[in-house]
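Peer 1: Got a structure here, written out as structure tokens. Questions coming.
The values are calculated or read from the model by the stated rules, or taken from the named source; none is laboratory data. The structure displayed is predicted, hence computed values, not measured ones. Neighbour counts are summed over all protein chains in view; Cβ atoms, including those assigned to glycine, are modelled from backbone coordinates with ideal geometry.
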Amino acid sequence: MDEITARRREGYARVILAGQSFGGYIALDAAESSKDIYGVVAMAPGVTTRGGGSRFDAGTTERTLGRLSVERQVLILPRDDQLFNSVARGPGAVAALVGRAGSSLLLDERYDIVGHGAGTTGKFAIKYGPCLVQYVARLEAGKGSVHCQENEALQERAAKDLLPRLPNTVRISVAEATQIEGKPIRGHWYGILEPSGEVVSYGIAAVDGVGPRAMFRSFSGWRRGGLYDFSVSEGAVTFQLSDRGSVMVKERTLTWTPADGRSPQTAKLLPLDGS
């Protein structure tokens, strides 16, 4: 609470708490205890146990929701959250939010959010981040439940913001195709690897003083990027990511095969920068 008071003294009119797992539990608890909190974002919030035993009490979150008076309330409840025995927590949250005086944004099992840490992935940031930011930032949110609608333009903008920036010496061909072994390869693309939720982008780059290279960038909590020698065979571009494995791109599908023997992951590629 001292931190909240300090931020208010610094001139911040709105303080929003956010937390994942146990951090989500703390954020909800603090929002219930303080009138100085404007909003809360709880991602897969933790719960208590019953009678000191090992049985999870999913009702912990529901009871807190019914008592919150914050102006903005975001609750993220992933599907198949094994940490909480894959219990569907969305229906209980919906019931707890009925009659709430303010507004709320509930992203539960009905959305493409899977696994305990799903709210922290690049996939979540791309698909639902713009909606979440708009909800907590806009002056008027009305009352009742707010819903997220997928918007391809906003998702592309989010991908551009999250992925590493290209060096000034690198150019991605969009309007004109790069010819490799007589085959045209063009465009700048991005996608989401499944099931990890890592955001990736790909293109054939013209590098000053070097020539064509495969460009590969990724974001999943941290940013990575690089330029790689590549080969073309049977319409597929392949290249090696040093110690991270290999990448193959054919038509609009990118396949990443990890070097540690884990199962390959694939991403459906979507145009970036007007490709």
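Peer 1: Do we have any residue at all in the range 257-275 that's in contact (Cβ under 8 Å) with a residue 40 or more places away in the chain, small (Gly, Ala, Ser) and within 18 Å of Lys127 (Cα to Cα)?
Peer 2: Checking the range 257-275: at least one residue is in contact (Cβ under 8 Å) with a residue 40 or more places away in the chain, small (Gly, Ala, Ser) and within 18 Å of Lys127 (Cα to Cα).
Peer 1: Name the helices (runs of 4 or more DSSP H) wholly inside the range 17-98 in which the number of residues that are of a type in the set (S, T, N, Q) and surrounded by 14 or more Cβ atoms within 10 Å (Cβ to Cβ) is 2 or more. Give the derivation first.
Peer 2: Details: elements: 22-33, 59-65, 90-97.
Passing ranges, in order: 59-65.
Peer 1: Taking the range 234-247 as the region of interest, how many residues are free of Cβ contacts under 8 Å to residues at least 24 places away in the same chain and either within 16 Å of Gly187 (Cβ to Cβ) or loosely packed, with under 11 Cβ neighbours inside 10 Å (or both)?
Peer 2: Final tally of qualifying residues: 4.
Peer 1: If I ask for residues that are within 24 Å of Arg223 (Cβ to Cβ) and acidic (Asp, Glu), which ones from the range 107-148 would you list?
Peer 2: Asp112, the sole residue that qualifies.
Peer 1: Any residue in the range 2-11 that is surrounded by 22 or more Cβ atoms within 10 Å (Cβ to Cβ) and out of contact with any Gly (no Cβ under 7 Å at 6 or more places or on another chain)? Walk me through it before giving the result.
Peer 2: Filtering the range 2-11 down to residues surrounded by 22 or more Cβ atoms within 10 Å (Cβ to Cβ) leaves none.
Scanning the range 2-11, I find no residue that is surrounded by 22 or more Cβ atoms within 10 Å (Cβ to Cβ) and out of contact with any Gly (no Cβ under 7 Å at 6 or more places or on another chain), so the answer is no.
Peer 1: I've got another one for you. Which one is surrounded by the most Cβ atoms within 10 Å (Cβ to Cβ), of the residues in the range 138-174 that are closer than 20 Å to Ala214 by Cα and among the β-branched types (Val, Ile, Thr)? Working first, answer last.
Peer 2: Restricting attention to the range 138-174, the residues satisfying the condition of being closer than 20 Å to Ala214 by Cα are 159-160, 162-174.
This time we only want the ones that are among the β-branched types (Val, Ile, Thr), so: 169-170, 172, 174.
Details: Thr169: 12, Val170: 17, Ile172: 20, Val174: 15.
Filtering the range 138-174 for residues that are closer than 20 Å to Ala214 by Cα and among the β-branched types (Val, Ile, Thr), the one surrounded by the most Cβ atoms within 10 Å (Cβ to Cβ) comes out as Ile172.
Peer 1: Of the numbered conditions (1) farther than 27 Å from Asp29 by Cβ; (2) assigned by TED's automatic domain parsing to the domain that holds Glu62; (3) free of Cβ contacts under 8 Å to residues at least 40 places away in the same chain, Ala95 satisfies every one except a single condition; which is it?
Peer 2: For Ala95, the exception is condition (1).
Peer 1: Out of all the residues in the range 244-269, which are over 15 Å from Ser196 (Cβ atoms) and of a type in the set (S, T, N, Q)?
Peer 2: Ser246, Thr253
Peer 1: Being hydroxyl-bearing (Ser, Thr, Tyr) and out of contact with any Leu (no Cβ under 6 Å at 6 or more places or on another chain) is the filter here, so list the residues in the range 97-123 that pass it.
Peer 2: Ser103, Tyr111, Thr120, Thr121
Peer 1: With the checklist (1) in a loop (DSSP other than H, G, I, E, B); (2) more than 17 Å from Leu163 (Cα to Cα); (3) small (Gly, Ala, Ser); (4) at pLDDT below 95 in hand, flag the one item Ser263 doesn't pass.
Peer 2: Of everything listed in (1) in a loop (DSSP other than H, G, I, E, B); (2) more than 17 Å from Leu163 (Cα to Cα); (3) small (Gly, Ala, Ser); (4) at pLDDT below 95, Ser263 misses just condition (4).
Peer 1: Right, another one. Tell me, which residue of the range 80-137 that is among the basic types (Lys, Arg) and under 16 Å from Ala42 (Cβ atoms) is modelled with the highest pLDDT?
Peer 2: Per the stated criteria, the residue is Arg89.
Rundown of residues vs (1) over 26 Å from the mean Cα position of the chain (by Cα); (2) farther than 26 Å from Ala153 by Cα; (3) part of a loop (DSSP other than H, G, I, E, B); (4) of a type in the set (Lys, Arg), yes/no style:
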position: Tyr190; (1), (2), (3), (4): no, no, no, no
position: Ile204; (1), (2), (3), (4): no, no, no, no
position: Arg213; (1), (2), (3), (4): yes, yes, no, yes
position: Gly221; (1), (2), (3), (4): no, no, yes, no
position: Thr238; (1), (2), (3), (4): yes, yes, no, no
position: Ser246; (1), (2), (3), (4): no, yes, no, no
